[in-house]
1. How about region 110-187: which trypsin sites (Lys or Arg not before Pro) there are in a DSSP loop, with at most 13 other Cβ atoms within 10 Å of their Cβ?
2. How many percent of DSSP beta bridges within the chain run antiparallel, rounded to 5?
3. Relative contact order for region 132-187: what percent, with Cα pairs under 8 Å and sequence separation of 6 or more?
4. Label-point separation (nm) for residue 90 and residue 183, each offset 7 Å from Cα along Cα-to-Cβ?
5. Suppose every Lys and Arg Cβ carries +1 and every Asp and Glu Cβ carries -1, with no other charges. What dipole size does region 111-187 come out with about its Cα centre, to the nearest 20 debye?
6. Return the carbon/sulfur percentage of the accessible area of region 11-128, one whole number, probe 1.4 Å, all protein chains in place.
7. Return the percentage of antiparallel bridges among DSSP beta bridges fully within region 44-116, rounded to the nearest 5 %.
8. Using a simple charge model, +1 on the beta-carbon of Lys and Arg, -1 on the beta-carbon of Asp and Glu, nothing else, what dipole does region 30-187 show about its Cα centre, in debye to the nearest 20?
Amino acid sequence: MMSLLKDVRVAILATNGFEESELIEPKRALEKEGAEVFIISPENDEIKGWKNGNWSDAIKVDARVDQVSATDFDSLVLPGGVINPDLLRRDLASVDFVKSFFQEHKPVAAICHGPQMLIEAEVTNGRTLTSFESIRKDLENSGAKWVDEEVVVDSGLVTSRSPKDLPAFNKKMVEEFREGKHARQTA
């Protein structure tokens, strides 16, 4: 069986408060297809997830965001959770990291509240996407066209609404990451 993502390096940008399933399940799906996946964070050592209204297990951070760049990776995943993107969007290095994937036309996948980082990186204007419904107005105010669908793909940008959409999200994420750079994926 051929690995769809052999030689593909993927960054998952997260910090404390990431929604556990929105990081773990995409990571597993990517690794199953042969991708090399790295947890990138403003934090050192480890970050704690969020599950069912409580803190969950800690996971190891592979590199701090200020020590890497988009040139080190082929694709980016932005998990949600209420806490995670709110902390990340206050970190300039994290915002610049996200924006640089769009400048390099690399595929990006964001789920639930993860698209808040897309707003902060100023890459949503004119894009069609989805998210958790509570950030719909934020996305529309940033120039995005918001739709209520389980997964939306717009020129290399994959978005989904919530953990219940993970099967569709993971499938499209793998597909887009396999395709690689998209000319219309830009900041």
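The values are calculated or read from the model by the stated rules, or taken from the named source; none is laboratory data. All figures in this text were calculated on a predicted structure; none of them were measured in a lab. For neighbour counting, all protein chains shown are included, and Cβ atoms are generated from backbone atoms with ideal geometry for every residue, glycine included. With ligands, DNA and RNA removed, areas are computed over all heavy atoms of the protein, side chains included. Shrake-Rupley method; radii C 1.70, N 1.55, O 1.52, S 1.80 Å.
1. Numbers: sites: 127, 136, 137, 145, 161, 164, 171, 172, 178, 181, 184; in loops: 127, 161, 181, 184.
Those satisfying the criteria are 181, 184.
2. The answer is about 30 percent antiparallel.
3. Reported relative contact order: 30 percent.
4. Using points 7 Å along Cα→Cβ, the separation is 4.2 nm.
5. 140
6. Values: 2030 of 4830 Å².
Carbon with sulfur: 42 percent of the solvent-accessible area.
7. That works out to approximately 60 percent antiparallel.
8. With only Lys, Arg, Asp and Glu charged at Cβ, the dipole is about 340 debye.
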